[in-house]
Amino acid sequence: MLQTAVNRWPLLPFVFAVGCAVPIKATISPAELFREVQRAESRRDGEAPAIRRASGAAQRELRIAALAALARSEQPGTASVAISLLGDRDPEVATWAAFALSRLREPAAETALWSAARSVSVVPEEVVLGLGHSGTATVGPHLLSLLDDPRPKVRGAAALSLGLMAKRLPGALAPELYAPKLSALIVDPDRDVRFGAVYGLFRVGGAPAAVALIPALADRDPEVRAHAVRGLAAGKASPHVLDPVGSDPDWRVRAEVAKAFGLMGAAQPDEGKAAVARLLAIVPREFARFRQDRLSAGRATHVLKEVIQSASQLGADGRRVLDAMERAPWSTEGLSEETVADQARLSCALAFALDRADGEIKRVRACGAPTVPEWRRLELVARLLGARADAQAVEQLSNLAQHQDPRVRVAAASALGEVPGDLSSSALLALTGSNDPFLRGAAIELLAQPGRNRPAGFVRQLGQLLGGIQPEEDPSLLVGLLDAAGALAQEGQSLLPTLEALAQDPRPAVRRRAAEAAAKISGQPLRLLPADPGPGAPPADARRWRMTLATHRGPIELELFGDVAPRTTGALVDLARSGFYDGKTFHRIVADFVAQGGCPRGDGWGGPGYTVLSEGSPLPFVRGAVGIATSGLDTGGSQFFIMHSYHPHLDGQYTLVGRVTAGIEVVDALQEDDLITTVTVGLTATPR
């Protein structure tokens, strides 16, 4: 399943050039038909005649292209084409058919997937995974029966699918029913079966699942061990259970262990002291690793940040850990420039935790200077003010919202959103009139949150903003406004005419979100009509490219899958060639999850000024996979993320555009604000 999926990455070729559309004719060449399918995909037109015609073509590339267009359009009532290809003689076609059905989420799709899951004439694991991504709880017992399948791929897919279903449908799978059979697979000889079993147990949860996960801590695969730790933390196991992996050789497992101690101690106060004792033991070990080399320092920083976060959850007992870290040797003598920077960032994380514990704003004002930029320190100040939640804090945050740095302004608005009740609503309403579109959008999204008392005039202000949307505006700045309108439900009745008009917008992201918002307000679905997206993103590029990111820690080499995600590849190559990425940073790091970069602002709110259509595929987000960060379908841009580990719930939800081919150890060490000095691109020699 997982390893097999990785080995399939060079496949799924779209070999025809992407170009302009031509009318469907009685006789049409494969290249012309391919272009028509691509146009249908761009228009999000799953009912286009070209898709049905290509689905019956002799060329496998055309059948795959038709299914990709169908999956990416997500248009209701179009499942029949994918159903007809589930039994295709070509396994890759059958894989795409299963993926398309999982994205369409229709009753007929679920029935077809389950029927195909019992067949040996198709690629069964992909069909089973399709059920995990989209099936209802009624297929749970069927997936349970597949755990006994003699084929390892099917067993692994069924276990993984149960985990995916449990995540999508909390409480739908009874632990006492599913945990025993999943537990039996913990010792399966196949690595992917064991991973699926651990993931399934982690998501199903409950005491039976937690007990079953203990043997997985001894697994030889670090991702199996890491997910076992996550499951044991969620299952409220005792901290001593994690002793065998407390000093695990893999940093990802150690980071999960540090995180788990905070969860365990907070959920079970009588275990707080045991959790603190183990956090204290981690500190000197990680500081020793911190001083080894710049890559070890980056990995140790991940773990130490999790220690700080966990200690912050454990009250007075946890304060002992923070004090011990404050007393630790912070000398920079003999450290590399990168390690000095890691130490500065770590000191700010510690300063924030100590200030929050003490109810003051003192240490963060100067922490990490001059390495940590001022706007990052002011972001911490804003978060501390938001936690105080009093009138004085609201006044100070309102002042920060006028700061000259746009990143500080948005951080201040986000912190205002943490202040409950009417205290901050008037301040947020004032920000909706800002000339800064990012600040304005943040304020509106916060005011639209459920449970917030909205001040008079908010709906009118939102209506004026929606009515003033211009055709050339970046859709990524608009979807938040549309989501805010939908969150108002009945309160937003006056916005319906504007939303119905925006549902005809040529930009797919605007069109879709406007229709969804209108449906939430009216209670009636609004049919989306296909439309040409018009100019915007650079041309698609179906070739495979090599992209090298130069960083201070070392190079990271990527392979871009133009044959799977041509629009995204074309955009990334164009941005790299223009120098867009030079001098940008990795602005978001989540240990054992992702390293994310490519934002021109450096805070995650920016993009290239246009959006790129989403290009979901069956490829899995395994370790080293490169995906595109979005704020929903069809809102991709310049921001990308690289996976530390496999997280199955991302599969199909985001565009997977490539993989790391060299430098994954550099990715592991990356920290917030690490610089991308230059980016170079070139065509690969990988055969298609």
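The values are calculated or read from the model by the stated rules, or taken from the named source; none is laboratory data. Source: prediction; values computed, not measured. A quick note on method: Cβ atoms are made from the backbone with ideal geometry, for glycine too, and the neighbour counts reach across all protein chains shown. To get the accessible areas, we keep the full protein, side chains included, count just its heavy atoms, and leave off ligands, DNA and RNA. Shrake-Rupley method; radii C 1.70, N 1.55, O 1.52, S 1.80 Å.
Quick notes on this structure:
- Thr332 paired with Ala281, simple spin-label distance in nm, labels 7 Å along Cα-to-beta-carbon: 3.4 nm
- 3J(HN,Hα) from dihedral phi, the stretch 597-609, Karplus parametrisation 6.51/-1.76/1.60, rounded to Hz, x for glycine, proline: x, x, 8, x, 7, x, 10, x, 9, x, x, x, x
- Accessible area per residue for the stretch 481-603 is 36 Å², calculated with a 1.4 Å probe on protein heavy atoms, without ligands, DNA or RNA.
- Prolate/oblate/rounded label for the stretch 200-355 (Cα gyration tensor, a/c 1.5): oblate
- In sequence order, the stretch 610-615 has phi-based couplings of 8, 10, 10, 4, 5, 10 Hz under the Karplus curve 6.51 cos²θ - 1.76 cosθ + 1.60, θ = phi - 60°, and Gly or Pro positions carry x.
- Among the listed pairs Lys181/Lys236; Lys167/Lys584; Lys167/Lys259, those with a Cα-Cα distance over 27 Å are Lys167/Lys584.
- Straightening the chain between Ile664 and Asp323 buys 119.4 nm, computed as 0.36 nm per residue apart minus the Cα-Cα spacing.
- Whole-number percent relative contact order across the stretch 194-256, with pairs defined as alpha carbons under 8 Å at least 6 apart: 34 percent
- Intensity falloff of the stretch 533-659 expressed as log10 I(q)/I(0), Debye formula with alpha-carbon point scatterers, at q = 0.11, 0.14, 0.19 Å⁻¹: -0.32, -0.54, -1.07
- Note on Asp532: accessible area is roughly 70 Å² with a 1.4 Å probe, heavy atoms of protein only.
- Across the protein chains, with a 1.4 Å probe defining accessible surface, the residues Trp251, Trp605 rank Trp605, Trp251 from largest area downward.
- Relative contact order of the stretch 533-622, taken over Cα pairs closer than 8 Å and 6 or more residues apart, is 24 percent.
- Backbone N within the stretch 388-413 under 20 Å of label point (7 Å from Glu374 Cα along the Cβ vector): 396-413
- Surface composition of the chain: carbon plus sulfur atoms hold 54% of the accessible area, using a 1.4 angstrom probe and ignoring ligands, DNA and RNA.
- Using θ = phi - 60° and Karplus 6.51 cos²θ - 1.76 cosθ + 1.60, couplings along the stretch 499-509 (whole Hz; Gly, Pro as x): 5, 5, 5, 5, 5, 9, 4, x, 6, x, 5
- Cα pair count fraction exceeding 19 Å, expressed as % - the stretch 61-178: 41 percent
- 1.4 Å probe accessible area per residue over the stretch 102-242, in Å²: 36 Å²
- Long-range HN-HN contacts of Asp674 with modeled amide H, under 5 Å: Phe586
- Shape call, the stretch 171-270: gyration tensor on alpha carbons, a/c limit 1.5: oblate
- Surface analysis of the stretch 248-376 yields an accessible area of 42 Å² per residue, using protein heavy atoms and a 1.4 Å probe.
- Packing rank of 462-468, 632-638, where each peptide gets the mean count of other beta carbons within 10 Å, highest leading: 632-638, 462-468
- Simple spin-label estimate for Ala174 and Val211 in nanometres, 7 Å along Cα-Cβ: 1.7 nm
- Exposure of Ile589 as accessible area (Å², to 10), given a probe of 1.4 Å and all protein chains: 40 Å²
- Distances between placed amide hydrogens fall under 5 Å for Leu683 paired with Arg546, all partners being 5 or more residues away or on another chain.
- Over the stretch 579-636, equivalent-ellipsoid semi-axes from the Cα gyration tensor in Å: 19, 17, 10
- Dipole magnitude (debye, nearest 20) for the chain, charges at Cβ of Lys, Arg, Asp, Glu: 480 debye
- Accessible-area value, Met165, 1.4 Å probe, nucleic acids and ligands omitted, Å²: 0 Å²
- Relative contact order %, the stretch 373-513, counting alpha carbon pairs below 8 Å whose residues are six or more apart: 17 percent
- Residues with amide H under 5 Å from that of Gly658, placed H, sequence gap 5 or more: Phe561, Val626
- Euclidean distance between Cα centres, the stretch 292-355 to the stretch 637-688, Å: 26 Å
- Label of the coordinate-derived value, Cα Rg over 2.2 N^0.38 Å, listed as (i) 1.03; (ii) 1.12; (iii) 0.97: (iii)
- Simple spin-label estimate for Thr684 and His142 in nanometres, 7 Å along Cα-Cβ: 3.6 nm
- The stretch 244-319: C-alpha gyration tensor shape, a/c 1.5 cut-off, then a/b vs b/c: prolate
- Exposure ranking of Arg294, Arg191, Arg377 by accessible area [1.4 Å probe, largest first]: Arg294, Arg191, Arg377
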